[in-house]
Amino acid sequence: MAFSLSNVDKIVGKETYLKNVSLTFESGSQNVILGRTLAGKTTLLRIMAGLDKPTKGKLMENGADVTGVSVRKRSVAMVYQQFVNYPSLSVYANIASPLRLAGMAKAEVDRRVRETAAMLHIEPLLNRLPAELSGGQQQRTAIARALVKDAQLLLLDEPLVNLDYKLREELRVELQQIFKARDSIVVYTTTEPTEALMLGGNIVVMHEGRVLQSGPTAEVYHNPASISVAAVFSDPPINRIETRVKGGFAELGRILSVPLDGHLTGLPEGDYIFGVRSNHLFLNRQHERDIKITAKVELAEINGSETFIHVIYNGAPLVVQEEGIHQRKLGSEIDIYVRARKFYIFDAKGPLVRAPRIEAA
Amino acid sequence: MRINLRQAALLAYLFFLLLPIYWLVNMSFKETDEILGVFSLLPEHFTWANYKMIFTDPSWYTGYINSIKYVAMNTVISLSVALPAAYGFSRFSFMGDKHMFFWLLTNRMSPPAVFLLPFFQFYQTVGLFDTHIAVALAHCLFNVPLAVWILEGFMSGVPREIDETAFIDGYSFPRFFFTIFIPLIRAGIGVTAFFCFMFSWVELLLARTLTTVNAKPIAAVMTRTISAAGMDWGGLAAAGVLTMVPGVIVIWFVRNYMAKGFALGRV
């Protein structure tokens, strides 16, 4: 079983939602579509499901053209960001409905509903109505209904976004195991790089209706094809430092000279963007070879057990992600440390020139 | 107990609101002589005679039966026409949909008297004159647009994803509509039915003009009962009370959803 899209465009009115999307998904694969809001993730899923027709392009399922085939005739299951269940049916009837419609025998329906409910830990709730459940349980019901029918294409559109942090973590771990055990194509959209990394599998990075890059998740993370991919695939977005390479030195922000060594060795002269992820910037020296950058504090944002310190370095904003809670006086000058080996080098126009070497874990 | 200004104002308001109704009920239990002769807050000679008269005299009670018949017909027709229309307006976008939706509402902006002549002439020609269905159809003129508007509001409150999930699960459209969708807008259907009932029940002009004998509504009967012995005040009062009863009963069932209905389902 393989599913592919070729040269798919979606244009509504004057608005381009998708532009020339070509992708192939293999059965048994887990695929994450990563992109910010309005990147076209939902549009893509809806087209894959057959809920919307592409303006241009083709959808192929096992070599057969399924473009424009009604969703009722396709083998698709979908989970929405909102908790969508049939409010008038009990949880049991909700999960059973796709099976009953397919004309399955009663005993078999019962067996599969209970099995799926057990997998998602909602067995004690089977007789309740969706309105009597918490948000997490409602989404579990929706996921159970999608899983129960063994569709060849399982689409999940940011299923965990409306849940609170704790529930999200919990369900994410469970989903990962459930997906692994299936041989259908799982497509999961998210805006969060961390979620994409946790789910693993393959990734499709989207931005403004285009596919920027696709491939195995870890590979894309370590080798983003362009600065845009790196920006979408880091949270906070990757820091950009405008750099000029001249005479064996890289001038970070055009002021701080760093010798070209390690993976920077032999970089041709010219203008580059050096990218570095926020978790590779530190407030304290980690290593004797760290480069020291002096910057002005704009904002210290405490996020759970981490602090994001927004600074301005030579007119450009940087974000430092630091474990623990740190207070820095706004407007004060602080020192930030970074290893040159953590730099991603992008061409001034965007494409990746060099990526840092991956260290053995 | 101290009553402040606000409560006093409210009580006064209620008093004036209920006064005519009280007077009507009061009259319906009196004899004509007492109504015309004395001022009494409670009937001096309490009597059920007026009500008995209405329930035994065919010229009275057929009026009720006629009214109930065409109101029921109208409610059923309006709902069955408006349900698919409202679904269309709520779920699909097509050329001119907004204009058409508004045009529906403009049907309520013209006084029924405007349509009186065409209806009258037309029904005469096609032989529908003085039938229940004639009045029911005429009342669709203002009830169908209203029903479409109210139902559309309720339907748009149901997320579209529910429709889509149903289609993904393999529901056929009719099955989805009747087993999943209708239960979700139950309250809306109840409110719509109530409004159709109410407008059709109180409408006098069309109902009176389009009927003569066989389908004469109660409101028309009431305006035409002047006997040789003069006005039957007590009978009229009793008829008035009985005319209010169905409304009260129906309101009881939809009392919790009324406000949403008046806002055409958009809250």
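The values are calculated or read from the model by the stated rules, or taken from the named source; none is laboratory data. The structure presented is a predicted model; accordingly, all values stated were derived computationally and were not measured. Cβ sites come from the backbone with ideal geometry, for glycine too, and all protein chains shown count toward neighbours.
What to note about this one:
- When B:M53, B:M95 are screened for being touching a Gly at 6+ places or on another chain (Cβ under 6 Å) and either hydrophobic (A, V, I, L, M, F, W, C) or surrounded by fewer than 16 Cβ atoms within 10 Å (Cβ to Cβ) (or both), only B:M53 passes.
- Any hit, region B:128-148, residues being more than 14 Å from every other protein chain (Cβ to nearest Cβ), more than 22 Å from the chain's Cα centre (by Cα) and either buried (at least 21 other Cβ atoms within 10 Å of the Cβ) or basic (K, R) (or both): no
- The strands (runs of 3 or more DSSP E) falling completely within region A:1-66 that include 2 or more residues that are farther than 25 Å from A:E195 by Cβ map to A:2-12, A:15-26, A:56-61.
- All positions within region B:110-127 that are modelled with pLDDT of 90 or more and either crowded, with 20+ Cβ neighbours inside 10 Å or among the aromatic types (F, W, Y) (or both): B:F119, B:F120, B:F122, B:Y123
- Which listed residue, of B:F181, B:F253, is in a helix (DSSP H, G or I), at pLDDT 85 or above and in the same structural domain as B:L151 (by TED's automatic domain parsing): B:F181
- For region A:142-175, filtered to residues that are more than 14 Å from chain B (Cβ to nearest Cβ) and basic (K, R), the residue that is farthest from A:T42 (Cα to Cα) is A:K166.
- Residue count for region B:171-219 under the criterion of being free of Cβ contacts under 8 Å to residues at least 24 places away in the same chain and of a type outside the set (A, V, I, L, M, F, W, C): the result is 8.
- Matching residues, region A:299-322, being over 28 Å from the mean Cα position of the chain (by Cα) and in a strand (DSSP E or B): A:Y313
- Qualifying residue in region B:149-167 (condition: free of Cβ contacts under 8 Å to residues at least 60 places away in the same chain, in a helix (DSSP H, G or I), assigned by TED's automatic domain parsing to the domain that holds B:S67 and under 25 Å from the mean Cα position of the chain (by Cα)): no
- Number of the exception - B:S200 against (1) within 13 Å of chain A (Cβ to nearest Cβ); (2) hydroxyl-bearing (S, T, Y); (3) surrounded by 23 or more Cβ atoms within 10 Å (Cβ to Cβ): (1)
- In region B:64-103, the residues that are of a type in the set (S, T, N, Q) and under 22 Å from the mean Cα position of the chain (by Cα): B:N66, B:S67, B:N74, B:T75, B:S78, B:S80
- Residue, farthest from the other protein chains (Cβ to nearest Cβ), within region A:97-133, restricted to residues that are among the basic types (K, R) and exposed (fewer than 14 other Cβ atoms within 10 Å of the Cβ): A:R111
- Residue count for region A:281-298, restricted to those that are assigned to a strand (DSSP E or B) and without any contact (Cβ under 8 Å) to a residue 40 or more places away in the chain: 3.
- Where a residue in region A:54-72 is in the same structural domain as A:F25 (by TED's automatic domain parsing) and its partner, wherever it lies, is of a type in the set (D, E), with Cβ under 7 Å and at least six apart: A:P54/A:D9; A:T55/A:D9; A:K56/A:D9; A:G57/A:D9; A:K58/A:D65
- Selection from region A:68-96 of residues that are away from chain B (no Cβ under 14 Å) and either modelled with pLDDT of 90 or more or not in a loop (DSSP other than H, G, I, E, B) (or both): A:V91, A:Y92
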